[in-house]
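The structure follows.
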Amino acid sequence: MKITDFSKPNAMEELVSRIAEDGWAVVDHFLPADSVKTLRKECMAAHREGGFHVAGIGRGGDFTVQEGIRSDEVMWLEPETDSASQKAYFTQLDQIKQQMNEQFFMGLNEFEGHFAIYNEGALYKKHLDAFRGQRSRVLTVVFYLNDDWASDDGGELRLYLDPNGESEIRDIMPIAGRAVIFMAERFWHEVLPACRDRMSITGWFKVRST
């Protein structure tokens, strides 16, 4: 599996190229270690203070909580945040949006995202990020905050590379500072159960509804 190191020169060009060629990419050192550590602390503090709620599936009248399918807890992020670490994350995302729009005319507009905590044993079964009958979510970004994550901790993001979501998988460890970016309508994926709590920021670049 090819991994782009965002701390090195020309990393943005490499990232954009991989998304253009393969539809997905894995990036390490997406933010400096201090920023990742601060984001992890903010996530944990908000969870302790009751800022999270159990996640569900669907939207509007179709929204339901089904823990057999999805059992994480989330807290939506506000773009107008006072957090310096969250601002740094949004700035990095803006650069990606700009590059994708300039080179591939994708029309990416706003970004919506949330902190996500998967308690030990929590999961999210195979799914697509695009809602039925909608095309607003175009590009998924998952950014991991998990310090000292080991291979036997589990919790991998399982990405299905064939269009039917049946074979050719990649299991990606959720290590701190790593981002996984992929086309939302194209790739089936799931979150495997972990042996410890697992934290991330999950979000989507959207296009304007027509």
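Any chance region 12-25 includes a residue that's under 26 Å from ASP72 (Cα atoms) and outside any loop (DSSP other than H, G, I, E, B)?
Within region 12-25 (the criterion being under 26 Å from ASP72 (Cα atoms) and outside any loop (DSSP other than H, G, I, E, B)), the answer is yes, since at least one residue qualifies.
Let me ask something else. Of all residues being of a type in the set (Gly, Ala, Ser) and under 12 Å from the mean Cα position of the chain (by Cα) in region 123-181, which is farthest from THR202 (Cα to Cα)? Just the residue, please.
Only one residue fits best here, namely GLY177.
Another question about this same structure. Report, ordered by the first and then the second residue, all pairs with beta carbons closer than 6 Å, sequence separation of six or more or different chains, a first member in region 149-173 that is over 11 Å from PHE187 (Cβ atoms), and a second member that is of a type in the set (Gly, Ala, Ser) and buried (at least 16 other Cβ atoms within 10 Å of the Cβ).
ASP153/ALA194; GLY154/ALA194; GLY155/ALA194
Restricting attention to region 1-21, report how many residues are closer than 12 Å to VAL180 by Cβ and modelled with pLDDT of 95 or more.
Here the count works out to 5.
Among the listed residues PHE105, PHE63, PHE52, identify the single one that is modelled with pLDDT under 95, more than 15 Å from PHE205 (Cβ to Cβ) and either more than 18 Å from the chain's Cα centre (by Cα) or surrounded by 14 or more Cβ atoms within 10 Å (Cβ to Cβ) (or both).
One residue alone meets the criteria, PHE63.
Per-residue answers, yes or no, for (1) in contact with a Gly (Cβ under 6 Å, 6 or more places away or on another chain); (2) surrounded by 16 or more Cβ atoms within 10 Å (Cβ to Cβ):
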site	(1), (2)
ASN119	no, no
VAL141	yes, yes
LEU161	no, yes
ASP171	no, no
ILE181	no, yes
ALA184	no, yes
HIS189	no, yes
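Residue-by-condition table, conditions (1) assigned to a strand (DSSP E or B); (2) modelled with pLDDT under 95; (3) touching a Gly at 6+ places or on another chain (Cβ under 7 Å); (4) under 28 Å from ARG186 (Cα atoms):
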site: VAL27; (1), (2), (3), (4): yes, no, no, yes
site: PHE30; (1), (2), (3), (4): no, no, yes, yes
site: SER35; (1), (2), (3), (4): no, no, no, no
site: LYS41; (1), (2), (3), (4): no, no, no, no
site: ALA45; (1), (2), (3), (4): no, no, no, no
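From the list ASP148, ASP129, which residue is charged (D, E, K, R), surrounded by 18 or more Cβ atoms within 10 Å (Cβ to Cβ) and farther than 19 Å from MET1 by Cα?
ASP129
Among the residues of region 191-206, what is the count of those that are in contact with a strand residue (DSSP E or B) (Cβ under 8 Å, 6 or more places away or on another chain) and either surrounded by fewer than 16 Cβ atoms within 10 Å (Cβ to Cβ) or over 25 Å from ASN109 (Cβ atoms) (or both)?
Residues meeting the conditions: 8.
Could you please find all residues in region 88-121 being under 19 Å from ALA179 (Cα atoms), acidic (Asp, Glu), outside any strand (DSSP E or B) and touching a strand residue (DSSP E or B) at 6+ places or on another chain (Cβ under 7 Å)?
Passing the criteria: only GLU110.
Where the second residue is outside any strand (DSSP E or B) and of a type in the set (Lys, Arg) and the first is under 16 Å from VAL74 (Cβ atoms) and lies in region 104-127, which pairs have Cβ atoms under 8 Å and are six or more apart or on separate chains?
That search, which allows pairs on different chains as well, returns PHE111/LYS97.
The values are calculated or read from the model by the stated rules, or taken from the named source; none is laboratory data. None of these values were measured; they are calculated from a predicted model. Here the Cβ is made from the backbone with ideal geometry for all residues, glycine too, and neighbour counts use every protein chain on show.
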